[in-house]
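What follows is a set of notes on a single structure, which appears directly below.
The values are calculated or read from the model by the stated rules, or taken from the named source; none is laboratory data. All values derive from a computational prediction rather than experimental measurement. Every residue, glycine among them, receives a Cβ derived from its backbone with ideal geometry; neighbour counts consider all protein chains shown. What goes into the accessible areas is simple: the full protein's heavy atoms, side chains included, and nothing from ligands, DNA or RNA. Shrake-Rupley method; radii C 1.70, N 1.55, O 1.52, S 1.80 Å.
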Amino acid sequence: ACKSPAKTRQALQLAWRKFLKVAPAFMQIVCAVSLILYFVPNELIANCLGAENRWYAVSLAAGLGSILILPGFIAFPLASMLLQKGAAYMVLSAFTTCVMMVGLVTIPLERAYFGLKVALVRNAIGLIIALAVALVTGLVFGELV
């Protein structure tokens, strides 16, 4: 079924080597997130990220999401765990959207390639979209009644 078994084997070997290079960093992220969620009490998460303090929680989540560099396969399971511990949907929406679209830590790299104005505008638009998504999520899930 392979057109070229040799090329397929070569590609799989290359992919495996790249995976082995990246795996330790991702495992560190997974372990750190797991430890933090284990030691932080559910009540604290619910109080800080719940619907009671919605605007503070959305701001906190958007800020953290804008700073953190997390791959999607870490960010979305993390959001699921936070939801189980009492975080509001709109808060998680702001967090995950900012993690994916805003990158304050990467601004120096973006500035080097695209210029400061483009980097700032891209991040500002990402933040505005994230807050709009959080607002719509809050309306859909009845958290803004």
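Of all residues being over 20 Å from Leu104 (Cβ atoms) and at pLDDT below 90 in the stretch 56-77, which is most open to solvent (accessible area, probe 1.4 Å)? Just the residue, please. Residue satisfying both the conditions and the ranking: Phe73. Only one of the listed residues (Gly86, Gly115) is more than 23 Å from Val22 (Cβ to Cβ) and in contact (Cβ under 8 Å) with a residue 40 or more places away in the chain. That residue is Gly86. Is it fair to say Ser93 is among the small types (Gly, Ala, Ser), assigned to a helix (DSSP H, G or I), under 20 Å from Ala132 (Cβ atoms) and touching a Ser or Thr at 6+ places or on another chain (Cβ under 6 Å)? Answer is yes for this residue. Would you be able to tell me the number of residues in the stretch 23-38 that are over 18 Å from Phe76 (Cβ atoms), of a type outside the set (Gly, Ala, Ser) and surrounded by 10 or more Cβ atoms within 10 Å (Cβ to Cβ)? Of the residues in that region, 2 qualify. Look through the stretch 101-132, keep the residues that are open to solvent by 70 Å² or more (accessible area, probe 1.4 Å) and touching a Leu at 6+ places or on another chain (Cβ under 9 Å), and return whichever of them is farthest from Ala61 (Cα to Cα). Looking at the filtered set, the residue picked out is Arg111. Exactly one residue out of Leu135, Leu139, Leu144, Leu116 is modelled with pLDDT under 90 and more than 16 Å from the chain's Cα centre (by Cα), and it is Leu144.
Restricting to the stretch 103-145, name every residue that is in a helix (DSSP H, G or I) and of a type in the set (Asp, Glu).
Kept after step one, since they are in a helix (DSSP H, G or I), are these residues of the stretch 103-145: 107-114, 116-140.
Within the stretch 103-145, Glu110 is the sole residue that qualifies.
The single condition from (1) under 18 Å from Leu37 (Cα atoms); (2) free of Cβ contacts under 8 Å to residues at least 40 places away in the same chain; (3) out of contact with any Leu (no Cβ under 8 Å at 6 or more places or on another chain) that Pro71 fails is (2).
Before we move on, is Val91 more than 15 Å from the chain's Cα centre (by Cα) and either more than 25 Å from Val22 (Cβ to Cβ) or acidic (Asp, Glu) (or both)?
Numbers: more than 15 Å from the chain's Cα centre (by Cα): no; either more than 25 Å from Val22 (Cβ to Cβ) or acidic (Asp, Glu) (or both): yes.
Taking the combined requirement at face value, the residue does not satisfy it.
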